[in-house]
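The values are calculated or read from the model by the stated rules, or taken from the named source; none is laboratory data. Values in this document were obtained by computation on a predicted structure and should not be read as measured data. Virtual Cβ from ideal backbone geometry, glycine too; neighbours counted across all protein chains shown. For accessibility, only protein heavy atoms count, side chains too; no ligands or nucleic acids. Shrake-Rupley method; radii C 1.70, N 1.55, O 1.52, S 1.80 Å.
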Amino acid sequence: MAQAPTLVAELEGLVGECAARLDQALTLEDLESLRVEYLGRKGRLAGLMAQLPGLSAEDRREAGQAANTVKNNLTSLYDERLAGLNKAARAAALADFDPTEPGLVPFAGSLHPVTLVTAEICQAFTELGFSVVTGPEIETDYYNFEALNMPPEHPARDMQDTLYISDAVVLRTHTSPLQIRTMLSRKPPVAIVAPGKVYRRDSDLTHTPMFHQIEGLLVDEGVSMADLRGTLTAFVRRIFGPSTNVRFRPSFFPFTEPSAEVDISCVICGGKGEHDGATCRVCKGTGFVEILGCGMVDPNVFAAVDYDAERYTGFAFGMGVERVAMLKYGIGDLRMFFENDIRFLAQF
Ligand code: DAH
């Protein structure tokens, strides 16, 4: 039969022994294995307590009380050490923390240059009284070509390498169909700009199969070529600066008569034709770069939308957004717009 005094002595011996071992525990893992060893279900304390049932009733009471005290002592030793280790861990973490160090600025993203320039161009025209309209990228042959004075077999269709969906349906090759859609749904006076994606079967260093254009249209009584010149000159100076020179060069578009292309003084060489002692590579020495096409709305276009060409006149224009952005920001390579390289995009 087990003896109460020996068992009590063994139980009480656990406290000192465990306290010494806890002092050596340097990690939470050490601590946990000590907890299992002393306080666990199959641990040292449980092992000694398993002997209790073999004692006489009186001895059992004495040894039972000792076991309880020992258990409480072991538990508080363990809790104390756990608190100590946690505190040390926090102190160590704080030792590496420098509250005076500047914070990390999170990467916030930025607008794509095409988005920025589109917004800026639309804004310039909105301030002049134009409103912004949009329309479908999948367009019928009628709106994209025919109503714009380009009947089937018209040679001007060759100017634009069209992506056909079917004989009568195309991916719009320009934003000019918005002229037609606008005039069919509104009566004069109209003044709109129409930004959007356009598509052409064309892909090389200076062409991508998708790019962006902005179309403009103004129709009213008494609109003249002078209004066209004044409006577009004001626009160009707003975007490229007040000292920009503007030149209107005769050209041809089926939907305007007369037609012109607008050149601005070269943004790189300032119109001098040379840059850093060499021929300017952007304007190729001419001092001018082309920026948009324009003209007075052709009476055939008015006929297609049932506008009275005797009463109304108007001007129209169209420009490439990537081109404006390249000139404005000095971007040399069209492909940069579509690569989505963060190092490029973050500059805007
Ligand atoms: N649609 C023409 C193009 O894509 C651009 C253009 C030229 C639009 C003259 C016009 C205009 O409205 O009057 O090349």
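Listed values, structure above:
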item: Accessible surface, 1.4 Å probe, highest first, among residues ASP59, ASP141, ASP23; result: ASP23, ASP59, ASP141
item: GNM result for the chain, Cα springs below 10 Å: residue of LEU218, LEU34, LEU205 fluctuating most strongly; result: LEU34
item: Probe 1.4 Å - accessible area at ILE291, Å² to nearest ten; result: 10
item: Taking the chain and dividing mean pair separation by its residue count, relative contact order in percent (alpha carbons under 8 Å, at least six apart); result: 15
item: Accessible surface of SER251 - all protein chains present, 1.4 Å probe, nearest 10 Å²; result: 40
item: Other-chain or far-sequence residues with amide H under 5 Å of SER131's (modelled H); result: ALA191, ILE192, VAL193
item: Note, ³J(HN,Hα) from phi for region 97-107, Karplus 6.51, -1.76, 1.60, rounded to Hz, x at Gly and Pro; result: 9, 10, x, 8, 6, x, x, 7, 7, x, 5
item: MET210, MET150, reordered so the largest accessible area comes first (probe 1.4 Å); result: MET210, MET150
item: Per-pair calculated FRET efficiency, R0 = 30 Å: ARG281 and HIS207 via Cβ, rounded to 0.05; result: 0.95
item: Contour excess over end-to-end distance, with Cα ends at TYR142 and ALA226 and 0.36 nm allotted per residue; result: 27.2 nm
item: Per-residue ³J(HN,Hα) for region 140-157, Karplus 6.51 cos²θ - 1.76 cosθ + 1.60, θ = phi - 60°, Hz, x for Gly and Pro; result: 7, 3, 4, 6, 6, 10, 4, 5, 8, 6, 10, x, x, 6, 5, x, 5, 4
item: Amide hydrogen neighbours beyond the local backbone of VAL223, cut-off 5 Å, H modeled; result: THR313
item: THR69 - accessible surface, heavy atoms, 1.4 Å probe, Å² rounded to 10; result: 80
item: Of GLY103, GLY332, GLY293, the one that fluctuates the most in a GNM where the chain has Cα springs shorter than 10 Å; result: GLY103
item: Trypsin sites (Lys or Arg not before Pro) lying in DSSP loop within region 269-338, provided at most 16 other Cβ fall within 10 Å; result: LYS272, ARG281, LYS284, ARG311, ARG335
item: Derived scalar couplings ³J(HN,Hα) [region 276-282; Karplus, 6.51 cos²θ - 1.76 cosθ + 1.60; whole Hz; x for Gly, Pro]; result: 6, x, 10, 4, 4, 7, 7
item: Cysteines without a disulfide-compatible partner [the chain; Cβ-Cβ under 4.7 Å]; result: CYS18, CYS122, CYS294
item: DSSP-defined beta bridges in the chain - what % are antiparallel, rounded to 5; result: 95
item: Between region 190-215 and region 103-144, the alpha-carbon center distance in angstrom; result: 12
item: Length added when fully stretched, ASP308-GLU62, from 0.36 nm per residue minus Cα-Cα; result: 76.9 nm
item: Shape of region 1-57, Cα gyration tensor, a/c cut at 1.5; result: oblate
item: Sequence of MET296, MET49 when ordered by accessible area, the most exposed leading, probe 1.4 angstrom; result: MET49, MET296
item: Amide proton proximity set for HIS275, modelled H, under 5 Å, gap of 5+; result: CYS280
item: Separation in nanometres of the label points that stand 7 Å from Cα toward Cβ, at ARG90 and ALA168; result: 7.7
item: Kyte-Doolittle mean at least 0.5, axial Cα span of 18 Å or more - DSSP H helices of the chain; result: 113-127, 225-240
item: Label point 7 Å beyond Cα of PHE348 along Cβ direction - residues of region 210-230 with amide nitrogen under 12 Å; result: 212
